[in-house]
Amino acid sequence: MRLRNSTAVGLVLAAGVGALVAGWPVLAQQASNEPPPPWAQGRPSANIQLAPVTPPPLAAAADKVPVDKLKVPKGFKVEVYASGIPNARSLRLGDKGTVFVSNRTLDKLYAIVDKGGKREVKVIAKDLYRPNGIALHDGTLYIAELSQISKIDKIEDNLDNTPKPTVIYSDLPKDEPHGWKYLTVGPDSGAEVVARGVRQIVGMDWHPTLKQLYFTENARDWLSEELPNDKLNRLTQPGKDNFGYPYCHQGNIPDPEFGWGHTCDEFTKPVALLGPHAAPLGIKFYTGTAFPAEYRGQAFIARHGSWNKSKKIGGDIVVAKLNKDGTLKSLDPFLTGFLQDNNYVGRPVDLLVMKDGSLLISDDYAGAIYRVSYGNSVASH
C-alpha cells in the first residue's frame, strides 16, 4: 500500500496479516480450553517440539557479540559497529550520518551518533508499540507501529531533545500475528494497493536501475519441513500483481486446503526461492562502489533463520545476483556463522549501505550492528 501524507512522500508499507490468520485450520482445543498460540495453529503433533526462537531479554555485552563466528569472502572484513541495542531491527541512514535503529518487541527507537570520535547509542523515542518500520525522507523520520504511522520532522537536528512523534495515519490493521510493519520510501505518492497475495514482508528495496520494487516473503508454516520455500519477489505490474497466497506457495505448489479451484499459473512467479522457512527479512541493493564489481547493483538479503525446521537453515546473508533484466543469475552465500551447531548465536534482520560503501547488518538476537567492509576501508564516524 502507498500512503499519502502532508509531505507528499510515497511510503510503501508492508505487513503480513490477513489470509493466513483467517484461514488457519480450526484445531481441537487444548486441555485448558484455550486455543494454541497463533504460531502453533496448524502445527502437526509430530512437530510439537518446534517453536519460535525467543531472543535474550538483554543485548549481548560488547565483548560477547559473536563477531568472531562470522565468515565473509576473501578480502572482506566484518566488525562490530555498535552493540547494546536490544532487538535491533530496521536500519536507516540520516543525511548527516546518523544511523537509526528500530525495534519490534520493545517500545523504543535508537540513534547511533558520533560523540567525540566514538559511536554512542541513544534512545530517541519510547512508549511506542512494535515500532518495527522506519523510513527517512527530507530529514523526516517516519515510524510504523502496529496500527499507525507517525513522523518526527528534522530528526537529526533534535537528537538530544526529540519531540513526540506526530501521528499521520492511524487505521492500519491491529492483528498481532505477523502484524508488525515495514516501510520504504518510493518514487511517488498516493494511497493504493500495489500487490496482493503476499503473506509476510519484512524487507523491501527498489532496483537501482529498473526502479522496480523487490521484496522478501516468508511462506506458510507447517506444510512440511522442506516446503514451501520463502521467496524473493518483484513488482512489475503495480496494482495487478498477485503473488498467490494463500492459494499457491513458492510459485508452483498449490495449498492443500485453499488451492482447490486454482492453478499456480494464475499468479506472479517469484524471482528466486530462498529456502524453506529460512525467514528472509531485510533486502538492500548494493549501491556503493567499495565492494568488487560483481556485487554492485546486486541484492543482499538477510535470512533471519528457520525455527520450524528440525535442522535449521539461514542465519546468514546471501546475495541475489541479477541479470540486466532483473531476473536471477545466481544466489550465493556472503556472510555465514550466525547458526552454530543448530543453534543461533545471532540472527540478521536488516541491511544498510553506508556512504563509504560499507554494509551494516542488524542482529536482533545479540542486539548489535555489524559492519562489513572490503580491503582497508576504515569505518567513518
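Looking only at strands (runs of 3 or more DSSP E) that lie completely in region 56-170, which have at least 2 residues being more than 18 Å from residue 369 (Cα to Cα)? It would help to see each step written out before you state the result.
Numbers: elements: 76-83, 88-93, 99-103, 109-115, 118-125, 133-137, 140-144, 149-152, 166-169.
So the answer is 133-137, 140-144, 149-152, 166-169.
Scanning region 300-345 for residues that are of a type outside the set (Lys, Arg) and over 15 Å from residue 278 (Cβ atoms) yields 322, 323, 325, 326, 327, 328, 330, 337, 340, 341, 343, 345. If the condition is being touching a Gly at 6+ places or on another chain (Cβ under 7 Å) and open to solvent by 90 Å² or more (accessible area, probe 1.4 Å), then region 59-84 contributes only 71. Just to be sure, is residue 190 of a type in the set (Gly, Ala, Ser) and surrounded by 23 or more Cβ atoms within 10 Å (Cβ to Cβ)? Answer is no for this residue.
Please enumerate the residues belonging to region 175-192 that are touching a Gly at 6+ places or on another chain (Cβ under 7 Å) and either aliphatic (A, V, I, L, M) or not in a loop (DSSP other than H, G, I, E, B) (or both). Within region 175-192, 181, 182, 183, 185, 186, 192 meet the criteria.
Of all residues in region 358-381, those being open to solvent by less than 40 Å² (accessible area, probe 1.4 Å) and within 14 Å of residue 304 (Cβ to Cβ) number 5.
Of the set (1) under 16 Å from the mean Cα position of the chain (by Cα); (2) touching a residue at least 40 places away in the same chain (Cβ under 8 Å), all apply to residue 233 but (2).
Could you list, in sequence order, all residues of region 231-258 that are of a type in the set (S, T, N, Q), within 16 Å of residue 217 (Cβ to Cβ) and either open to solvent by 10 Å² or more (accessible area, probe 1.4 Å) or at pLDDT below 95 (or both)? Within region 231-258, 236, 242, 250, 252 meet the criteria. With the condition kept exactly as written, say whether any residue in region 212-229 is modelled with pLDDT of 95 or more and out of contact with any strand residue (DSSP E or B) (no Cβ under 7 Å at 6 or more places or on another chain). No.
Within this structure, residue 261 fails the test of being crowded, with 20+ Cβ neighbours inside 10 Å, at pLDDT 95 or above and not in a strand (DSSP E or B). A single entry from 355, 284, 324, 269 fulfils the requirement of being assigned to a strand (DSSP E or B) and open to solvent by 20 Å² or more (accessible area, probe 1.4 Å): 284. Scanning region 36-56 for residues that are touching a residue at least 24 places away in the same chain (Cβ under 8 Å) and of a type outside the set (A, V, I, L, M) returns 38, 39, 42, 43, 44, 47, 52, 55, 56.
The values are calculated or read from the model by the stated rules, or taken from the named source; none is laboratory data. Note that the structure is predicted; figures quoted are calculated from it, not measured. Note that each Cβ is placed from the backbone with ideal geometry, even for glycine, and that neighbours are counted across all protein chains shown. Calculation scope for accessible area: heavy atoms of the full protein, side chains included, ligands and nucleic acids excluded. Shrake-Rupley method; radii C 1.70, N 1.55, O 1.52, S 1.80 Å.
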